[in-house]
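The values are calculated or read from the model by the stated rules, or taken from the named source; none is laboratory data. The structure presented is a predicted model; accordingly, all values stated were derived computationally and were not measured. All Cβ positions, even for glycine, are placed from backbone atoms using ideal geometry, and neighbour counts span all protein chains on display.
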Amino acid sequence: MSDFFYGIQYLFEEILFAPLHALRGMENWWTANTLNWIFMIIGAVAFVYWMGQLKKFNDNNEENKDITAHSYL
């Protein structure tokens with residue numbers, strides 16, 4: 001049974017995380033953090049898109065803003 005868990009450990013540490021270990025050992029800060037910058041850009045684009053969608057629905061008055069619209073009010 002322990003061989004199964006050692007196999008999972010080997011898979012993650014030696015195979016799946018190998019690109020991240022290579023990024024960690026780089027001398028240049030900018031290239032080492034490229035993956036982080038990509039994720040930050042994706043998050044910023046998603047945030048701008050989501051805010052645009054909320055503005056579109058708000059401008060169309062599609063939300064029920066009546067005082068009894070939500071049960072928690």
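Structure data summary
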item	result
Meets criteria (touching a Leu at 6+ places or on another chain (Cβ under 8 Å), surrounded by 10 or more Cβ atoms within 10 Å (Cβ to Cβ) and part of a helix (DSSP H, G or I)) for residue 11	no
Residue tally, condition farther than 29 Å from residue 30 by Cα and modelled with pLDDT of 95 or more, over segment 40-62	2
Enumeration of residues in segment 22-38 that are exposed (fewer than 10 other Cβ atoms within 10 Å of the Cβ), out of contact with any helix residue (DSSP H, G or I) (no Cβ under 8 Å at 6 or more places or on another chain) and assigned to a helix (DSSP H, G or I)	29, 30
